[in-house]
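J.: One structure, pasted below without further comment.
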Amino acid sequence: MESHLDILRLPDAAEHTSFSSEKASELLQKYQIRVLQLEQQIEELRKSNLEMEMSRNKYAFLYDVAPIGYVTLDPAGCIKSANLTGATLLGMERSSLYGMRFEPFVSAEDRASFAGFLKTVFSCRDKKTCRLKLANSSGPSLYLRIDMMASESGDECHAALLDITERKWAEEALRESEYNLTKAQAMSHVGSWSSNPVSGYLGVSDELLRIMRLKRDEATQEMFAALIHPDDRETVMRYLRRGIEQGINYEIEHRLLLQDGSMKWVYTIVEPSVNFARQVVRLYGTTQDITERKQSEVKLRNKKNELQAIFDSVNDGVIVFDNDGHIQHHNHICPQFFPETVLMDGTCRDIFHHGILHSPHTCPVERALAGERVETSLVYALEGHETRYIDVTANPIKDSLGEKTRALVFLRDVTLKRVQELQMIQTEKMSSIGVLATGVAHEINNPLTSVAGYAEALLRRFSDDPTLGVDPRLDAFQKYLEVIVRESYHCKSIIDSLLNFGRKSDGLIGNVDLNSILMEILELLRHQTYDDQIDLVVDLQDNLPSLLGDPSGLRQVFMNLLINAHHAIKKGGQVSISTQYNREEARVYVEVSDTGSGIDPDIIDRIWDPFFTTKATGKGLGLGLALTFNIVKRHGGEISVQSTVGKGSQFIVWLPVRCVNDSAATPPLPPVTRGT
């Protein structure tokens, strides 16, 4: 200002004389210009002060409303200033904070560490950072990050308070999530990994390292590729290349050959991450150790194959029903009992109670599903097939939890057994009738002997007294008496044949007149041939030599053959029997033939098997031909058959001719069992 006054100073009186008007005008002009300059400077200064005030207010506002709390502390930890955010974090009015110590706002567990932190800030004059929890009894805890630095003078420090509560919670949640993930991976043997196909980056989890038995510094893409089993490597790499090139997810099971020589099975799921250009920028994968599962699957398959072999080797039908009564499994025997349509998607209703939805009291499956063991019988008849008798055993199968019970059903075909039982019953009846008939024959034989004897006595009376023959009242008596004698002896002959046939074999052998045996049998069967309109043709060679054998056994042989021939003819036909002696061979041949239905070529080799029969129930046990074959063999002979379906059959028996004189060289025949 002094320089400005110097410029505006007026000339004194001494100078006034020499001061011209022209000079004065120049000075006045300069003065006016200077005044204008000063006014401009003053205006600029005023504007600058105004802008400075506005800027100060602006920054003061920003300081107060900043998202970060600002607090100034003295070396004792007392609050000298704070912005609004800081006051809000501390939970008090800003005006009330001045002069208060900061330490009481800190939680009890962090106060000691904060006091040490504050001393460090004032001593080192560098920026320091700490994290602590504020004491807050009225609400949830707040966590702060405090950046603190002392001033140049050292009489105060400035602190920036950042609320990190959400981050703290997020970090804790993340740590908990990572912990849970690590535990879950360890429990499920699942490791995770990520890879950048461009940079070669590979990140792996601890569980994956454990699965592959690697250290973290060994986890490289090359090492991972080297651990893939050589037989699976090409397939795995092909899937990986396709995932990188096409950006598609894939799953694969393969083996690992670890560094210690052991092998593991793993199941890997890969999900590529692509950018906007559909280029793969990252691969994310999970790899699960499924070695135990694979081993269990192998054991399960072996067990399944073992059970299936047992299942299929059982000669009974076996069916497994689920807890709803539907067929789950069946073995190869079941199609012999039931149609495939029933076995494929049928239920217990289709087998045990057709047409009834539920039958809990009679259905063996439903009773087994209720926990009961059931044994019952089933009579099953398919259309166009014979009735079959099946024994059924049903057992419950409980699962490990005892919730869903299934049923195991065994089906045993006892048709043959039942038929044989029925035949045995019929045989017992026939045996009883035979015993009764033998007893009756004995009882009838004596009266017949008396009738025949008295009739012969009357005939002798006629012969001794000729006058009786001329008595007209007795003209027919002699004729009647002759008929009575003849028929009485005929009846006695039939009874004797019946008694001979029914006599139990004692196993003794002797000379046998084969023709006489055949005539006895024909006498017993003659009335049946009359009733069924069967012509009986008999051609027995005279003077047939005697045989060495068991008469009772031979009677049974030819009785069986003649009865079978009779049964082979439905109605009307011819049965022929003939004998012939071959002197050169020293054999007697007996041929029994019929014009019946014949024998199917498929079963002709089985007719000698015990219990094989084509007759209806009650007509025979299937033992006749088996016993016939054995008896003929015991006599040193042979039996053969020729048959044509629809035309008839021809049985030929030959027996060696031996007499009692050379029996010393022949052992006694064993006892022969009687058949039907």
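The values are calculated or read from the model by the stated rules, or taken from the named source; none is laboratory data. Computed from a predicted structure; not experimentally measured. For neighbour counting, all protein chains shown are included, and Cβ atoms are generated from backbone atoms with ideal geometry for every residue, glycine included.
J.: Tell me the residue from F114, F122 that is within 20 Å of A82 (Cα to Cα) and touching an Asp or Glu at 6+ places or on another chain (Cβ under 7 Å), please. Step through it out loud before you land on a result.
T.: On the way: F122 fails: touching an Asp or Glu at 6+ places or on another chain (Cβ under 7 Å).
Of the residues listed, the single one that is within 20 Å of A82 (Cα to Cα) and touching an Asp or Glu at 6+ places or on another chain (Cβ under 7 Å) is F114.
J.: Let me ask another. Would you check if there is a residue in region 243-252 being within 21 Å of R278 (Cβ to Cβ), surrounded by 13 or more Cβ atoms within 10 Å (Cβ to Cβ) and either in contact (Cβ under 8 Å) with a residue 40 or more places away in the chain or among the acidic types (D, E) (or both)?
T.: Scanning region 243-252 turns up at least one residue that is within 21 Å of R278 (Cβ to Cβ), surrounded by 13 or more Cβ atoms within 10 Å (Cβ to Cβ) and either in contact (Cβ under 8 Å) with a residue 40 or more places away in the chain or among the acidic types (D, E) (or both).
J.: Look at G116 and say whether it is assigned to a helix (DSSP H, G or I) and in the same structural domain as G77 (by TED's automatic domain parsing). Write out each step before concluding.
T.: Details: assigned to a helix (DSSP H, G or I): yes; in the same structural domain as G77 (by TED's automatic domain parsing): yes.
The answer is yes for G116.
J.: Then there is this: Is it the case that some residue within region 286-302 is of a type in the set (S, T, Y) and free of Cβ contacts under 8 Å to residues at least 12 places away in the same chain? Before you say what the answer is, go through the steps one by one.
T.: Narrowing region 286-302 to residues of a type in the set (S, T, Y): 286-287, 291, 296.
Add one more test, that the residue is free of Cβ contacts under 8 Å to residues at least 12 places away in the same chain, and what stays is 296.
Within region 286-302, one or more residues are of a type in the set (S, T, Y) and free of Cβ contacts under 8 Å to residues at least 12 places away in the same chain.
J.: All but one of (1) assigned to a helix (DSSP H, G or I); (2) at pLDDT 85 or above; (3) farther than 24 Å from R583 by Cβ hold for I521; which doesn't?
T.: Unmet for I521, out of (1) assigned to a helix (DSSP H, G or I); (2) at pLDDT 85 or above; (3) farther than 24 Å from R583 by Cβ: (2).
J.: While we're here: Being modelled with pLDDT of 90 or more and either closer than 30 Å to V204 by Cα or out of contact with any Leu (no Cβ under 7 Å at 6 or more places or on another chain) (or both) is true for just one of L283, L307. Which residue is that? Break it down into steps so the answer makes sense when it comes.
T.: On the way: L307 fails: modelled with pLDDT of 90 or more.
Only one candidate passes the filter, namely L283.
J.: Pairs under 9 Å by beta carbon, first residue more than 17 Å from D602 (Cα to Cα) in region 638-652, partner of a type in the set (D, E, K, R) and surrounded by fewer than 16 Cβ atoms within 10 Å (Cβ to Cβ), six or more apart or different chains?
T.: Filtered contacts from region 638-652: I639/K633; I652/E638.
J.: Let me ask another. Out of I252, I269, report the one residue that is assigned to a strand (DSSP E or B), among the β-branched types (V, I, T) and touching a Phe, Trp or Tyr at 6+ places or on another chain (Cβ under 7 Å).
T.: Values: I269 fails: touching a Phe, Trp or Tyr at 6+ places or on another chain (Cβ under 7 Å).
Only one candidate qualifies: I252.
J.: Got at least one residue in region 188-199 being surrounded by fewer than 12 Cβ atoms within 10 Å (Cβ to Cβ), among the polar types (S, T, N, Q), outside the structural domain of L132 (by TED's automatic domain parsing) and modelled with pLDDT of 90 or more? Outline the logic, then answer.
T.: Taking region 188-199 as the starting set, the residues that turn out to be surrounded by fewer than 12 Cβ atoms within 10 Å (Cβ to Cβ) are 198-199.
From what is left, the residues that are among the polar types (S, T, N, Q) are 199.
Filter again for outside the structural domain of L132 (by TED's automatic domain parsing), leaving 199.
Checking the rest, the ones that are also modelled with pLDDT of 90 or more come to none.
No, because not a single residue in region 188-199 is surrounded by fewer than 12 Cβ atoms within 10 Å (Cβ to Cβ), among the polar types (S, T, N, Q), outside the structural domain of L132 (by TED's automatic domain parsing) and modelled with pLDDT of 90 or more.
J.: Of all residues being of a type in the set (S, T, Y) and at pLDDT 75 or above in region 453-494, which is nearest to E523 (Cα to Cα)? Just the residue, please. Let's see the steps before the verdict.
T.: Step one: list which residues in region 453-494 are of a type in the set (S, T, Y), which gives 454, 463, 467, 480, 488-489, 493.
Next cut, at pLDDT 75 or above only: 463, 480, 488.
Numbers: S463: 32, Y480: 24, S488: 14 Å.
Here the answer is S488.
J.: Out of region 131-174, which residues are over 26 Å from K119 (Cβ atoms) and either within 60 Å of the chain's Cα centre (by Cα) or β-branched (V, I, T) (or both)?
T.: As a first pass, look at region 131-174 and keep what is over 26 Å from K119 (Cβ atoms): 137-140, 165-167, 169-174.
G139, P140, T165, E166, R167, W169, A170, E171, E172, A173, L174, listed by residue number.
J.: Looking at D260, D231, can you tell me which residue is part of a helix (DSSP H, G or I) and outside the structural domain of H329 (by TED's automatic domain parsing)? Please lay out each step first, then the result.
T.: On the way: D260 fails: part of a helix (DSSP H, G or I).
Criteria check complete, one pass: D231.
J.: State whether one or more residues within region 246-253 are assigned by TED's automatic domain parsing to the domain that holds T182, on the phi < 0 side of the Ramachandran plot, polar (S, T, N, Q) and at pLDDT below 90. Full working, then the answer.
T.: So the first thing to find is which residues in region 246-253 are assigned by TED's automatic domain parsing to the domain that holds T182, and the list is 246-253.
Right, trim to on the phi < 0 side of the Ramachandran plot and you get 246, 248-253.
So of that shortlist, the ones also polar (S, T, N, Q) come out as 246, 249.
Checking which are at pLDDT below 90 leaves us with 246.
Checked against the condition, which is being assigned by TED's automatic domain parsing to the domain that holds T182, on the phi < 0 side of the Ramachandran plot, polar (S, T, N, Q) and at pLDDT below 90, region 246-253 yields at least one hit.
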